[in-house]
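Enquirer: Below: one structure in structure tokens.
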Amino acid sequence: MLTSPLFRRLFLPYFVLICCCVGVLGFSGARRLRATHLSDVERKLQDNSLLIARLLNDPHANRKVREQVRELGDALSCRITLIDPEGKVLADNEADVQQMENHRLRPEVMAALSSGQGISVRRSGTVRAELVYFARRIELAGSPAVLRLSVHLDALERDLADLYQALAITAAVAILVAGAICFYLARRHAIPFVAVTQFADSLSRGDLSHRIARRGDGELATLSTALNTMAESLADNLARSSAERAQLQAVLSAMSEGVIATDGEQRILLANAAAARLLNFDPTHATGHALWEVLRSDELIKAVEAALREKGRRSVKIGPIVGRHLEVVLSPFPTGAGMGLVIAAHDTTEAVRYEELREEFVANVSHELRTPIAMIKGFAETLRNGASSDPEKLQQYLATIEKHADLLTNLVTDLLDLAKLESQAVPSIRGHVDLQSVLQHVHEMYAPTAQQKGQTIELRVASNLPNFPGNPDYIERAIANLLDNAIKYSLDNTSITIAARRENAAIIIEVTDNGIGIPPEDLPRIFERFYRVDRSRSRAMGGTGLGLSIVKHVAQFHGGKVEATSAVGRGSTFALHLPIDPLTASSAG
Ligand code: ADP
């Protein structure tokens, strides 16, 4: 408070004014006191001179004049001097008249001789002290004389000093009391202003939690109420806008679409994390920067320029930007200064990839269908054109037609199975797999085919295998595909092993052959649809190129995976990993 400029401005001028007034009053009072005191002394000397003159002329007084002068001087505590008109001192109660010089030229004596009385204040050459002299012309025993009374100024000054001291103490007390009152009043008036100033200061620094106490009913109280209301509504607005901002941030950061908004000068107002990810910029250096500094795609920059030029919404497909295809919608909007822009970027990579895969799949399927259909059609035409007359050829052609019809059937069956597996986005496993009986059944199915090639199939199933949740038909189909491949891609008189065991929380089924093997460069791709190492050999065996793809999907359906290891000319091993509890297993492939 004491450091407040307002307090100092209120307190100091009044305090200085009071000090000046008291000083001036004290000074003039002291002067007046001195004058009054001197005139009192003068009056007293006048009165005493009249009395002494009468006593000196008392006919009954039988003492000498000098004795009378001494007695009267002692009684009245003053110096009495009698001087004849020539200036000769006749009597003096404080000095030896013989030693005294002529007093005719003393100012008070001259005045008394000329006008009856005179006064002067000066230093006495006789008694060597400051004195007040009063002289009166009197008749002494019928002759003129001058009676002079004088008092020492020292005594007078001592009296005055006492008076001055009392006056100074009074002035000091007055200054102290006035200063305290000034201090109290200045503080009282400054406190509300200081409170308002501090409040306004905290408002300007963004601290909206303070409120001012309302004082009295005057203008300051109205101002306090108005400022408090203003702070409350500011705090409300700020809280609302920060809540809205937080909501907007939450919505924007939860969006998978990238969103950028710019002002009329194309400076970025906001950009969400998805926009930074999709358009490949640093999210921490986006807000406040020019759009051109942030965007890296020339295609997009051209689209932005066109949208701003045409002032109309436009949608463009761009990419790939860092491997992503995007569909970007540009929506310009008018601002106070120029056109602002909202950019919404949608990642279409998956859709583009899906479309590519679909086209590739359709092309593959038509290609795969075309060969057997062409073969069937060709041999049917040959038969119709007369080849049927040769019974040997007829049998041969009919066998070829049947083989390609079988291939078509395999193809359609595999495609349908694959479609069924792929359509189950969320696998719903019902039922339990008794692996022992599934493996037994597959073995029985393929034993005759293997026998035809002189191959042996050995079944090694661990004894402690539990039943596990799964689809037995799918599992049987997968193992059958692996066994079918092992038979197809192995030479005659080789051996094939099917082993099943438990490893931690998974069942592992391995189909191992000593067949032709798979080259290392083909190994990573053999689970792709229609991928075949040797297309004509596969087709000659009735293969569709979909068998391993179905195995992979079956494994994924059960939350498991399939792995292949192989060496050309030595054989291959396909391992199917199936979790015992598919719900806790992560899918892999
Ligand atoms: P296909 O119907 O042609 O057998 P698959 O999807 O079952 O189709 O197999 C894909 C390809 O992987 C086969 O064409 C073959 O080249 C190769 N392949 C699969 N299993 C074996 C195996 N056990 N030994 C050697 N090559 C194999």
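The values are calculated or read from the model by the stated rules, or taken from the named source; none is laboratory data. Nothing here was measured: the structure is a model prediction, and the numbers come from that model. Using ideal geometry, Cβ is built from the backbone for each residue, glycine included, and neighbour counts are taken over all protein chains shown. Remember, those area values only see protein heavy atoms, side chains included, never the ligands or the DNA or RNA. Shrake-Rupley method; radii C 1.70, N 1.55, O 1.52, S 1.80 Å.
Enquirer: Taking the simple approach of a point 7 Å from Cα along Cα-to-Cβ for both SER115 and THR335, what is their distance in nm?
Expert: Spacing of the two 7 Å Cα→Cβ label points: 9.9 nm.
Enquirer: Okay, next question. How many Å² of accessible area per residue for the chain, probe 1.4 Å? Numbers along the way, then the final one.
Expert: Details: 33560 Å² over 589 residues.
For the chain, the per-residue accessible area is 57 Å².
Enquirer: Can you give the extra length, in nm with one decimal, that the chain gains between LYS453 and GLU293 once fully stretched, where that is 0.36 nm per residue apart less the Cα-Cα distance? Before the final figure, lay out the partial values.
Expert: Numbers: separation 160, 0.36 × 160 = 57.60 nm, distance 7.01 nm.
Full-extension gain reported as 50.6 nm.
Enquirer: Does the stretch 44-88 come out rounded, prolate or oblate by the C-alpha gyration tensor, with a ≥ b ≥ c the root eigenvalues, rounded set by a/c under 1.5 and, if not, prolate when a/b is larger than b/c and oblate if not?
Expert: The shape class here is rounded.
Enquirer: Further question: Express in nm, to one decimal, how much length is gained between ARG54 and ASP581 on full extension, taking 0.36 nm for each residue of separation and deducting their alpha carbon distance. Intermediate results must be reported in sequence, preceding the final value.
Expert: Values: separation 527, 0.36 × 527 = 189.72 nm, distance 14.87 nm.
The ARG54-ASP581 span can extend by a further 174.9 nm.
Enquirer: Right, another one. Taking 30 Å as R0, compute the FRET efficiency from the Cβ-Cβ separation of CYS21 and PHE193 and round it to 0.05. Intermediate values should be presented prior to the final figure.
Expert: Details: r = 27 Å, r/R0 = 0.89.
After rounding to 0.05, the efficiency reads 0.65.
Enquirer: Using DSSP to define loop residues, name the trypsin sites (Lys or Arg not before Pro) in the stretch 339-443 whose beta-carbon has at most 13 other beta-carbon atoms within 10 Å. Walk me through the intermediate numbers first.
Expert: Working: sites: ARG353, ARG358, ARG370, LYS377, ARG384, LYS393, LYS403, LYS420, ARG430; in loops: ARG430.
Passing both the DSSP loop test and the Cβ count: ARG430.
Enquirer: For the pair VAL461 and LEU163, how long in nm is the line joining their label points, each one 7 Å along Cα→Cβ?
Expert: 14.0
Enquirer: Length gain on complete extension for the stretch ALA221 to GLU244, per 0.36 nm per residue less the alpha carbon to alpha carbon distance? Please report the intermediate quantities before stating the final value.
Expert: Working: separation 23, 0.36 × 23 = 8.28 nm, distance 3.43 nm.
Result: 4.9 nm gained on full extension.
Enquirer: Moving on to the next point. Modelled label-to-label distance, HIS210 and LEU491, 7 Å Cα→beta-carbon offset: nm?
Expert: Distance between label points: 9.7 nm.
Enquirer: Whenever you get a sec, compute what percent of the accessible area on the stretch 161-200 sits on carbon and sulfur atoms (1.4 Å probe). Before the final figure, lay out each step's value.
Expert: Values: 1930 of 2570 Å².
C and S atoms contribute 75 percent here.
Enquirer: Tell me, what % of the accessible area of the stretch 380-476 is carbon and sulfur with a 1.4 angstrom probe? Display every interim value, and only then the final one.
Expert: Values: 3060 of 6070 Å².
The C+S portion of the solvent-accessible surface of the stretch 380-476 is 50 percent.
Enquirer: How do 515-522, 554-561 rank on mean C-beta neighbours within 10 Å, highest first?
Expert: Packing order, densest peptide first, comes out as 554-561, 515-522.
Enquirer: What percent does the relative contact order of the chain come to when contacts are Cα pairs within less than 8 Å and at least six residues apart? Mind showing how you got there, number by number?
Expert: Numbers: 852 pairs, mean separation 40.6, N = 589.
For the chain, the relative contact order is 7 percent.
Enquirer: Something else about it: Any idea what the relative contact order of the stretch 470-584 is, in percent, if you count C-alpha pairs under 8 Å spaced at least 6 apart? All intermediate terms of the calculation are to be shown ahead of the outcome.
Expert: Numbers: 196 pairs, mean separation 36.1, N = 115.
Relative contact order, the stretch 470-584: 31 percent.
Enquirer: Could I ask something else about it? Specify whether the C-alpha gyration tensor of the stretch 416-573 places it in the rounded, prolate or oblate class, a ≥ b ≥ c being the square roots of the eigenvalues: rounded for a/c under 1.5, otherwise prolate if a/b is larger than b/c and oblate if not. Could the numbers behind the result be given before it?
Expert: On the way: a/c = 1.68, a/b = 1.22, b/c = 1.38.
Oblate.
Enquirer: With contacts defined as alpha carbon pairs under 8 Å and 6 or more residues apart, what's the relative contact order of the stretch 154-302 in percent?
Expert: Working: 100 pairs, mean separation 15.8, N = 149.
The value is 11 percent.
Enquirer: While we're looking at this one, here's another question. ASP58: accessible area at probe 1.4 Å, nearest 10 Å²?
Expert: About 60 Å², ignoring ligands and nucleic acids.
Enquirer: Could you tell me the center-to-center distance, by alpha carbons, between the stretch 484-554 and the stretch 181-206 in angstrom?
Expert: 90
Enquirer: In degrees from 0 to 90, rounded to the nearest 10, what is the angle of the helix 153-204 Cα long axis to the longest principal axis of the chain?
Expert: Result, in degrees: 20.
Enquirer: How much of the accessible area of the stretch 1-133, in percent, comes from carbon and sulfur atoms when a 1.4 Å probe is used? Write down the numbers at each step before the final one.
Expert: Working: 4650 of 8250 Å².
Whole-percent figure for carbon plus sulfur exposure: 56.
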